[in-house]
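A quick write-up on the structure given underneath.
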Amino acid sequence: MKQIQWLVFLPALLACQEEVVVSVYQALPVAARDISVSAQAAGVIEPDTTVEVKSKASGEILEIMVQTGDRVERGALMVRVDQRIPRNSLLQSEASLEVARARLANAQAQKRRSDELYQTQSITQAEYEDTLLDYANAKAGLVQAEVAVENDHIAMDDTDVRAPISGTIIAKNVERGQVISSPTRDVAGGTVLLTMADLSLVQVRTLVDETDIGKIRPGLKATVSVASYPNQPDRKSTRLNSSHTDISRMPSSA
């Protein structure tokens, strides 16, 4: 006996989803509007004023009071150099000054006697003129000795290297115990001890693409951002001051 199998086919229920059409263009009424044109360029931020600090005194560095990154005020003591040679020179010049004062006192006394003798015709004209010359040489010797003492005092003061400006130490090139040379005596320019920068005013130096350079002119607003703070652009008023050298100066945000 044959068995008949009935196959029942049930239609699958398919869910129909409507496709969402995204509009590529937005219809707006015709009107006159401004078009913003901008140019981007990568560059470096550098201080407006940078000073190389050197010592007028030569010798061994005894002490360094600052480190890289320190903020110092103008006139602050930063480096102390060995004072032995300037001190010895000062002592010698002070001794020479005492001798010059004694010579001048002696020449003044001789001049007074010569004045009296010359009035009484007791000495000749030549002898009297020699006395005047000795007195003038004694006065000149005293001035030279006083200048030497003052110069040696200055040389002593030069062993203390002080900050020429108020700023930040951005580089330290020497260490304690190093022997340095003075720029006033070394034809090579002397030893650079420190490099200071005034970070209260900085400038951005960047190269602008030749396709964008025509869009830039002095007075345009500029926004500066750095990699360390990508979400914090400079909010202060920043304007380009040169379209030829590609430099923008701005107050420091730091």
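Annotations
- Just one of the listed residues (A171, A145, A188) is surrounded by 15 or more Cβ atoms within 10 Å (Cβ to Cβ) and either touching a residue at least 24 places away in the same chain (Cβ under 8 Å) or under 30 Å from G69 (Cβ atoms) (or both), and it is A145.
- Sole exception among (1) within 25 Å of S58 (Cβ to Cβ); (2) buried (at least 18 other Cβ atoms within 10 Å of the Cβ) for V202, by number: (1)
- When region 153-168 is filtered for residues that are assigned to a helix (DSSP H, G or I), surrounded by fewer than 19 Cβ atoms within 10 Å (Cβ to Cβ) and out of contact with any Lys or Arg (no Cβ under 7 Å at 6 or more places or on another chain), the ones remaining, listed by number, are H153, I154, D157.
- Residues satisfying the stated conditions in region 20-56, i.e. closer than 30 Å to Q83 by Cα and either modelled with pLDDT under 85 or out of contact with any Asp or Glu (no Cβ under 9 Å at 6 or more places or on another chain) (or both): E52, V53, K54
- Candidates in region 20-59 are the residues that are under 39 Å from the mean Cα position of the chain (by Cα) and among the basic types (K, R); of these, the one that is farthest from T223 (Cα to Cα) is K56.
- Complete set of residues in region 199-223 that are of a type outside the set (G, A, S), part of a loop (DSSP other than H, G, I, E, B) and within 28 Å of the chain's Cα centre (by Cα): L207, V208, P218, T223
The values are calculated or read from the model by the stated rules, or taken from the named source; none is laboratory data. Fair warning: this is a prediction, and the values are worked out from it, not measured in the lab. We place every Cβ from the backbone using ideal geometry, glycine too, and count neighbours over all the protein chains shown.
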